[in-house]
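Participant: Just dropping this structure here.
Each value in this text was obtained by applying a stated rule to the coordinates, not by laboratory testing. Every value quoted in this text rests on a predicted model; they were computed, and no experiment measured them. No Cβ is skipped: glycine too gets one built from the backbone with ideal geometry, and neighbour counts run over all protein chains shown.
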């Protein structure tokens with residue numbers, strides 16, 4: 001009846017499944033049952049709701065709750081079946097020749113407790129966490145994924161280039177935000193930005209101006225902002241931008257699943273010298289980090305070197321937040337979700353690998369003045385970080 | 001340092017806490033530990049991250065991870081403390097004179113399994129689900145909440161009134177969506193729309209045109225749409241709207257926490273007669289339901305009567321979706337989240353109560369033609385449903 005677009009091809013999906021199977025074998029799992037929406041898409045090529053059974057050996061079986069025909073059209077997997085209740089999973093697995101698992105892996109980092117208890121009872125076996133393996137696999141991007149992320153990055157640049165036409169003194173942050181967002185939508189922004197962290201949420205990103213840009217929030221991010229709502233108090237608010245203020249446009253472009261995280265500082269006229277100085281210091285840290293962040297480098301070490309470099313320039317107390325409000329990371333993996341592995345964060349033992357993609361965001365919070373710094377989505381190559389963005393990193397002055 | 005806005009006053013928050021305490025006592029819980037962002041805001045008046053301990057008797061204690069000063073400014077609770085790790089919760093409770101619970105209630109419908117296991121180990125006691133009680137309390141709105149929802153409804157009407165200026169043949173759905181969204185933002189739309197269901201997500205809502213409006217998706221909703229992305233395949237896509245097509249604008253206005261869900265059909269010129277006929281039938285069902293949905297009415301019965309009424313007009317197979325793709329509800333509670341109690345759904349035993357607010361959405365999916373029907377956010381009163389919206393329900397023709 002409908003013409004559905006096919007998702008990623010079998011050559012993209014099947015190696016992902018095989019990588020998870022290796023991880024299952026190594027950790028002595030009999031199988032994984034994937035239920036989270038992003039992981040489902042990653043391993044099946046469709047976002048339709050259901051349960052994806054991946055045995056440690058053998059063929060994956062996608063059981064679809066909604067919408068079956070669409071899943072069949074989108075996914076390159078061979079075995080796809082319509083199923084209305086999780087209670088029928090064990091019987092269906094047996095129909096397809098699977099022995100029921102003795103040890104089952106599920107995404108216990110995101111699976112709600114009630115569902116965890118339900119699946120434990122349905123399977124009557126040990127259900128353990130497999131999310132770490134999934135996140136490690138997803139951290140390393142394929143050429144297919146890198147291509148999509150380059151495309152998202154080009155669109156993020158295009159949005160940044162439009163920003164100076166939209167910002168002006170006297171306009172409310174939220175009005176400017178809406179205009180930027182409308183332009184992003186016309187370029188194909190998918191709207192929804194997914195985070196994996198419990199309670200994590202983001203709407204496009206943060207457009208913040210002047211002193212209000214330094215307002216901290218509940219979000220695991222160096223910037224917060226008053227926001228437009230008590231419930232979701234982050235990002236653009238009703239404050240009017242003023243001449244002489246900085247405006248942070250830290251926006252995510254999410255295109256066909258993949259995310260580019262991108263922040264630039266715009267100046268409504270001349271800014272206090274301290275902001276330019278701080279911004280330059282952040283660009284130097286970004287450049288240094290690009291050479292430190294090579295395959296094999298330990299994420300916690302990179303984090304510490306960035307902190308040390310910030311302290312050397314006098315930003316020890318304001319780098320990535322003020323005092324106790326400091327966020328304990330300077331970068332995070334991006335891909336289908338905004339908060340992927342690796343985290344350039346305190347005590348992280350994970351080593352960088354080629355083709356990981358991280359959003360590196362050295363930022364300084366200057367109470368009373370706002371925010372300075374940068375964020376670019378960067379590919380880990382043998383020679384260090386390579387930014388996917390082209391839009392200049394300097395503070396951009398918006399002319400009257 | 002910053003001027004934070006105060007959240008809802010103590011007269012609003014304390015009775016909510018007291019209602020949960022009654023529920024705890026009835027179900028023999030010693031206490032609840034609230035961790036989900038929306039529930040935290042509901043019971044504390046702040047959205048800052050943390051853990052809210054509500055003993056069955058005594059004073060609530062809000063332990064804040066991020067951001068403490070902001071939480072203190074926003075919340076009217078008396079006892080607020082800064083805390084960096086959940087492991088320190090039991091010690092902190094003892095410092096504040098609490099005996100540790102033998103039976104603790106948590107939101108097991110949303111709490112990730114890993115956190116559930118962590119809290120079970122931290123408390124060393126039985127951790128059971130308290131989400132049903134929380135959702136029942138939240139389902140009945142206070143005058144403060146009804147006032148906020150009326151305000152959101154007025155803004156939703158304002159957006160609908162602007163839609164005819166934005167829709168035009170030849171424009172892509174996603175471009176029109178962005179323009180509508182920008183206008184909503186300028187009116188103060190908070191952007192983020194929260195859903196409680198695992199995997200549930202929505203970006204503003206669905207702008208869908210012509211036959212593409214009948215495309216089903218993974219979302220628990222009568223409409224889906226191709227969407228702009230394989231990952232988040234719902235809502236507006238790249239299709240261009242054409243003369244002679246219907247356009248569904250089913251948009252949520254989320255203002256200062258509270259949601260109005262609002263759908264209208266717009267016509268780009270004359271539509272096939274079948275769409276007008278189906279739309280009129282849905283308006284009749286809406287009107288009938290308004291008189292059935294009185295306090296004490298059982299939600300499953302209302303659902304069945306709506307189904308019967310649809311079948312009588314010949315829409316038995318297309319009401320709320322086609323065949324197996326039919327969604328098994330015709331309305332849902334709204335408030336801080338889009339999918340609140342009560343659900344006007346199959347087999348729902350819950351009885352309506354005065355001051356519940358539901359989004360009632362009788363809709364017909366007509367493959368090849370699109371969607372007809374309506375959605376209004378309605379208050380349950382002694383006399384039945386009272387719509388919070390004023391914008392006319394009929395199909396609106398967009399003139400050239």
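Participant: Could you list all residues from the range B:288-303 that are part of a loop (DSSP other than H, G, I, E, B) and out of contact with any helix residue (DSSP H, G or I) (no Cβ under 9 Å at 6 or more places or on another chain)? Quick ask: steps written out before the conclusion?
Facilitator: Narrowing the range B:288-303 to residues part of a loop (DSSP other than H, G, I, E, B): B:293-297.
B:294, B:295, B:296, B:297 - these are the residues of the range B:288-303 that are part of a loop (DSSP other than H, G, I, E, B) and out of contact with any helix residue (DSSP H, G or I) (no Cβ under 9 Å at 6 or more places or on another chain).
Participant: Of the numbered conditions (1) free of Cβ contacts under 8 Å to residues at least 40 places away in the same chain; (2) within 25 Å of residue A:356 (Cα to Cα); (3) more than 12 Å from every other protein chain (Cβ to nearest Cβ), residue A:131 satisfies every one except a single condition; which is it?
Facilitator: (3)
Participant: Right, here's the next one. Show me the helices (runs of 4 or more DSSP H) found entirely inside the range A:22-101 where at least 2 residues are over 22 Å from residue B:219 (Cβ atoms).
Facilitator: A:89-95
Participant: Consider residue A:301 against the criteria (1) without any contact (Cβ under 8 Å) to a residue 24 or more places away in the chain; (2) buried (at least 24 other Cβ atoms within 10 Å of the Cβ): it satisfies all of them except one. Which criterion is unmet?
Facilitator: The number of the failed condition is (2).
Participant: Do you know which of the residues in the range B:203-215 that are touching a strand residue (DSSP E or B) at 6+ places or on another chain (Cβ under 7 Å) and surrounded by fewer than 24 Cβ atoms within 10 Å (Cβ to Cβ) is nearest to the other protein chains (Cβ to nearest Cβ)?
Facilitator: The selected residue is B:211.
Participant: Follow-up. With respect to residue B:166, determine if the residue is out of contact with any strand residue (DSSP E or B) (no Cβ under 8 Å at 6 or more places or on another chain), in contact (Cβ under 8 Å) with a residue 12 or more places away in the chain and surrounded by fewer than 24 Cβ atoms within 10 Å (Cβ to Cβ).
Facilitator: Details: out of contact with any strand residue (DSSP E or B) (no Cβ under 8 Å at 6 or more places or on another chain): yes; in contact (Cβ under 8 Å) with a residue 12 or more places away in the chain: yes; surrounded by fewer than 24 Cβ atoms within 10 Å (Cβ to Cβ): yes.
Criteria met by residue B:166.
Participant: So is residue B:86 within 14 Å of another protein chain (Cβ to nearest Cβ) and touching a helix residue (DSSP H, G or I) at 6+ places or on another chain (Cβ under 7 Å) or not?
Facilitator: Numbers: within 14 Å of another protein chain (Cβ to nearest Cβ): yes; touching a helix residue (DSSP H, G or I) at 6+ places or on another chain (Cβ under 7 Å): yes.
Yes, satisfied.
Participant: Specify which of the listed residues (A:73, A:113) is within 14 Å of chain B (Cβ to nearest Cβ), surrounded by fewer than 18 Cβ atoms within 10 Å (Cβ to Cβ) and over 19 Å from the mean Cα position of the chain (by Cα).
Facilitator: On inspection, the qualifying residue turns out to be A:73.
Participant: Sticking with this one: Please tell me if residue A:83 is crowded, with 16+ Cβ neighbours inside 10 Å and farther than 20 Å from residue B:231 by Cα.
Facilitator: yes
Participant: Something else about it: Might you let me know whether the range A:216-229 holds any residue that is more than 7 Å from chain B (Cβ to nearest Cβ), surrounded by fewer than 24 Cβ atoms within 10 Å (Cβ to Cβ) and outside any loop (DSSP other than H, G, I, E, B)?
Facilitator: no
Participant: I would also like to ask the following. In the range A:351-390, what residues are in a loop (DSSP other than H, G, I, E, B), surrounded by fewer than 19 Cβ atoms within 10 Å (Cβ to Cβ) and more than 14 Å from chain B (Cβ to nearest Cβ)?
Facilitator: A:353, A:354, A:355, A:382, A:383, A:390
Participant: Report, by residue number, each residue of the range B:11-35 that is in contact (Cβ under 8 Å) with a residue 60 or more places away in the chain, within 15 Å of residue B:60 (Cα to Cα) and surrounded by fewer than 15 Cβ atoms within 10 Å (Cβ to Cβ).
Facilitator: Correct list: B:15 only.
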